[in-house]
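The values are calculated or read from the model by the stated rules, or taken from the named source; none is laboratory data. Please read all numbers here as calculations on a predicted model, not as lab measurements. Cβ coordinates were reconstructed from backbone atoms using ideal geometry, including for glycine residues, and neighbour counts include every protein chain displayed.
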Amino acid sequence: MTASWLHRKGCSGYLAHVIDTRDNGLLLEDTPVVREFPDVFPKDLPGLPHEREIEFTIELVPGTNPISQTPYRMTPAELRKLKTQLEELVDKDFIRPSFSSWGYQFCL
């Protein structure tokens, strides 16, 4: 029997949207590639790279509007982990808050 057939017969039904908010417990060290190349994935980043000879810029076309994209949905555990990582990167001055309309919008 299908739900639509039961509904047509007058049966009541309930719909539940369930989200697992627990952390899945996976660590970066559990990934096979990370175990194979540990020197590429240090525990702590040493700092920003040295200045380069060529300054990199992105030329924008005047009058171009930012691309509108729906934010990526995350579980509460993923959001907590992302917030922790972003705070750590801001504290180390690797990144800084941006109010640009071209920046990616994080919902924290």
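Within region 67-94, being exposed (fewer than 11 other Cβ atoms within 10 Å of the Cβ) and farther than 24 Å from Thr21 by Cα holds for Ile67, Ser68, Gln69, Asp91, Asp93. Tell me which residues, restricted to region 71-100, are within 25 Å of Asn24 (Cα to Cα), assigned to a loop (DSSP other than H, G, I, E, B) and either of a type in the set (Ser, Thr, Tyr) or at pLDDT 85 or above (or both). Within region 71-100, Tyr72, Thr75 meet the criteria. Figure legend. Inter-residue proximity from region 49-69: first residues over 18 Å from Ile95 (Cα atoms), second residues of a type in the set (S, T, N, Q) and assigned to a loop (DSSP other than H, G, I, E, B), beta-carbon distance below 8 Å, spacing 6+ or different chains. Indicated pairs: Pro66/Ser101.
Any residue at all in region 25-36 that is of a type in the set (A, V, I, L, M), assigned to a loop (DSSP other than H, G, I, E, B) and more than 28 Å from Met74 (Cα to Cα)? The answer is no; no qualifying residue exists. Would you point out the residue of region 30-65, among those that are touching a Phe, Trp or Tyr at 6+ places or on another chain (Cβ under 8 Å) and surrounded by 10 or more Cβ atoms within 10 Å (Cβ to Cβ), that is nearest to Arg96 (Cα to Cα)? Top of the filtered list is Leu45.
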